[in-house]
Amino acid sequence: MTRAEAVSNFLFDFNAATAPKKVRMEAINFASELFYHRDAGAHDEELALGAVNVLIAKLSYAYCVCPLDEEMAMTSVVLEMILGGASRTAVAKAFDEAGRSVIPLLVDIIQPPSEHCHPVAVDRILSILRCFSRVPTAMVPIAHHPGMIDAVIFYLKGPLPVISHLKEPTPSSSDNTIASEVEERAYRRIDAAAIIVNLACAEENKLMLANHQGLLEEINHMASTDPDAQAREHAATVIMNLAYNEQTKIEMANNEALLDTLVLLMGDVSPQTRKNASAALFTLACVASNTKNLALHRGGSIVESLRIIMLQDTLDEARDNAAEALFNLARNSSTDDSSIQDLSNHNLLLDSLAEVVSRDSSPYVKNFAAKALECFSISIQHPAEAHRTLLAALVKASIWTGSSSIAQSMRNQADFVSNRIWMVQFPGMLDALSQMALLSDHEFEHVRMPAVAAIERLTLEPSTRWLMSKHEGIMTSLTLASFVNSAGETTYWDQRQTIDKMASVDLYKAALKNLTDAANLDPSSRTALNISRSSTDQDFDLDSYTNAASSEVPMYTSNKVGSEATSALSPAHQELDHRSPGHATIGVDSKANAPTWTSEGQDW
């Protein structure tokens, strides 16, 4: 006889064992031995043979006849054995076939106060609801069943006070009882939190859960005071899942207690907790109207927490979330002068963004930090307090060539007349611009083009020209950008020259002429120099300039030579300029210890 046949025969006999109680208990004890194993395939087979239907019938009978009896406890234990060990697919099928009708029974069993039912049964029913709450088709009916969320909130309540000698109880004392109750409440608390995590994966539940009286308060309390790391992690996940709903974002961002909780969670010892808390913040920061409240909360505590996570966290995903949150804040602050000033003046923020761009191992973290700096470059101009700090950050970050953001930031800065002289005089700025402008490989054109454009804009300011004309890298980069052969095709940008690029070449030629003229002026005439782009600039004889300057400025006529010119630069890394698609919400499994992403979220 196969095992499937043996299980099928037992279930038939088990279903028929109704009286007396001794017969029922013998059948239940046999079931506890038969189904006690860790073979997920065997548990799936048991569900397929109808074990859930039989056990639910037994559970219903025991609850009606003797809810405080051992029979109630044993029946719930056996049911949890099977559901807790089976695959998600099998549990989902079992729920669709039989579980939906049992929701009222399960919710009734866990209704507080729990003294009306055997405590083991309450524990196991919470675990069973945790299993069912992972099923997509079960999330909505479970969450919206009358009394369900209130019952779960009851079990979210904090643990009993810790007693220092619980680890070594004496048989004659009552400490064993107290320790047992502490452990029992801890299990219930974790299962209750996991149920909310899973139910919050369903979009239809998010708004209802966020607005349910007392729920977020208990989640905040758990996150702030619970000694169990898993409980705090679940609390962070609940907040993150709820934050993904468009309607809840604004309400949550204006909940001061919730923001305090997120700040606390970002300092948690658990990397997963920090990751989920930072993910919640970057989601809230996506909404422009939330920006000011998030940026100014408790004197910038959120910004500081994000900065530390981005700079120091060991988990790539946590740093990625923090960098994207800061990018969202910078982007949405760009239309509000006071908000962008507050952000830019935050202690070490701009320098930390540059540090991440130049040294982080994750291309995603680098990318979002660079984009944040680009946002600041649009809004922070001289004589703003943070302007010099921004220039220093751009110089530091210029060694990364994975995206155009840093070069574009310098171009943005050069667009403003008030910035130009300060940029040219700032230590390292001309070096950084020329190094980016001299990148020879075609794959770095996204960096080279805005860098050369920034140089061209800086030459429009007469007071900058003499200083720029004495910088070999600047003169070389403009020479290369201006070099066109007689057929009108560049030897530097290969065959992809367009009309726009040809127009740019004319601008670079004019800029080079301006710098050449400035270099030849006597000192008394330098400040009076006022050469601008005009029709006569197009007649500039580039060959005459390059021949005259050949002793000081090397000529580059091919990509090969250009490559040699950049050999002393820091190695350029080809990085991704995008992020993996979307953020999902997270759910919690009853058994596994690590998260698994699904289309609806991340389960445990």
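The values are calculated or read from the model by the stated rules, or taken from the named source; none is laboratory data. Just so we're clear, the structure is a prediction, and the values are computed from it rather than from any experiment. Heads up, the Cβs are rebuilt from the backbone with ideal geometry, glycines too, and the neighbour counts pull from every protein chain shown. The accessibility values were calculated without ligands, DNA or RNA, using every heavy atom of the protein model including side chains. Shrake-Rupley method; radii C 1.70, N 1.55, O 1.52, S 1.80 Å.
Just to be sure I understand, how many residues within the stretch 1-40 are farther than 24 Å from Ser101 by Cβ and in contact (Cβ under 8 Å) with a residue 40 or more places away in the chain?
11
Since Ala94 meets every condition but one in (1) within 19 Å of Ala192 (Cβ to Cβ); (2) within 35 Å of the chain's Cα centre (by Cα), which condition does it not meet?
Here Ala94 clears every test but (1).
Residues to consider are Glu385, Glu324; find the one that is farther than 23 Å from Arg274 by Cα and open to solvent by 10 Å² or more (accessible area, probe 1.4 Å).
Glu385
Being outside any helix (DSSP H, G or I) and closer than 23 Å to Asp226 by Cα is the filter; apply it to the stretch 254-289 and report the residue that is most open to solvent (accessible area, probe 1.4 Å).
Checked the stretch 254-289; the qualifying residue most open to solvent (accessible area, probe 1.4 Å) is Val269.
Kindly indicate the residue of the stretch 506-529 that is in a helix (DSSP H, G or I) and at pLDDT below 80 and also least open to solvent (accessible area, probe 1.4 Å) among those meeting that condition.
Per the criteria, the residue is Ser525.
Could you list, in sequence order, all residues of the stretch 212-232 that are assigned to a helix (DSSP H, G or I) and within 18 Å of Gln272 (Cβ to Cβ)?
The answer is Ile219, Met222, Ala223, Ser224, Ala229, Gln230, Ala231, Arg232.
Only one residue in Ile378, Ile399, Ile406 is open to solvent by less than 10 Å² (accessible area, probe 1.4 Å) and among the β-branched types (Val, Ile, Thr). Which one?
From the options Ile378, Ile399, Ile406, the qualifying one is Ile406.
Yes or no: Glu461 modelled with pLDDT under 55 and over 17 Å from Met436 (Cα atoms)?
no
Mind checking which residues of the stretch 93-118 are of a type in the set (D, E, K, R) and within 17 Å of Phe132 (Cβ to Cβ)?
Lys93, Asp96, Glu97, Arg100, Asp108 - these are the residues of the stretch 93-118 that are of a type in the set (D, E, K, R) and within 17 Å of Phe132 (Cβ to Cβ).
For residues in the stretch 441-453 being in contact with a helix residue (DSSP H, G or I) (Cβ under 6 Å, 6 or more places away or on another chain) and surrounded by fewer than 24 Cβ atoms within 10 Å (Cβ to Cβ), which is farthest from Met475 (Cα to Cα)?
Pro450
Which of the following residues is open to solvent by 50 Å² or more (accessible area, probe 1.4 Å), touching a helix residue (DSSP H, G or I) at 6+ places or on another chain (Cβ under 7 Å) and at pLDDT 95 or above: Leu315, Leu306, Leu215, Leu311?
Exactly one of Leu315, Leu306, Leu215, Leu311 is open to solvent by 50 Å² or more (accessible area, probe 1.4 Å), touching a helix residue (DSSP H, G or I) at 6+ places or on another chain (Cβ under 7 Å) and at pLDDT 95 or above, namely Leu311.
Give the residue, chosen from Glu251, Glu204, that is surrounded by fewer than 21 Cβ atoms within 10 Å (Cβ to Cβ), in contact with a helix residue (DSSP H, G or I) (Cβ under 6 Å, 6 or more places away or on another chain) and of a type in the set (D, E, K, R).
Glu204
Residues that are open to solvent by 10 Å² or more (accessible area, probe 1.4 Å), over 19 Å from Met240 (Cα atoms) and of a type in the set (Asp, Glu): does the stretch 343-359 have at least one?
Yes, the conditions are met somewhere in the stretch 343-359.
Quick check: is even one residue across the stretch 362-375 modelled with pLDDT of 95 or more, in contact with a His (Cβ under 6 Å, 6 or more places away or on another chain), open to solvent by less than 20 Å² (accessible area, probe 1.4 Å) and part of a helix (DSSP H, G or I)?
No: the stretch 362-375 contains no residue that is modelled with pLDDT of 95 or more, in contact with a His (Cβ under 6 Å, 6 or more places away or on another chain), open to solvent by less than 20 Å² (accessible area, probe 1.4 Å) and part of a helix (DSSP H, G or I).
Every residue in the stretch 457-478 that is within 12 Å of Ala518 (Cβ to Cβ) and among the charged types (D, E, K, R), please.
Passing the criteria: Glu461, Arg465, Lys470.
Which residue pairs have Cβ atoms closer than 7 Å, lie 6 or more positions apart in sequence or on different chains, and pair a first residue in the stretch 186-198 that is over 15 Å from Val140 (Cβ atoms) and of a type in the set (Lys, Arg) with a second residue that is open to solvent by 20 Å² or more (accessible area, probe 1.4 Å) and not in a helix (DSSP H, G or I)?
As it stands, the answer is Arg189/Pro159, since those pairs meet every condition given.
So, in the stretch 419-453, of the ones that are under 19 Å from Phe483 (Cβ atoms) and of a type in the set (Gly, Ala, Ser), which residue ends up modelled with the lowest pLDDT?
Only one residue fits best here, namely Ser440.
Out of all the residues in the stretch 290-299, which are crowded, with 19+ Cβ neighbours inside 10 Å and among the small types (Gly, Ala, Ser)?
If the condition is that a residue be crowded, with 19+ Cβ neighbours inside 10 Å and among the small types (Gly, Ala, Ser), then Ala295 is the only one that fits.
How many residues does the stretch 385-406 hold that are touching a residue at least 60 places away in the same chain (Cβ under 8 Å) and under 14 Å from Arg359 (Cα atoms)?
Number of matching residues: 4.
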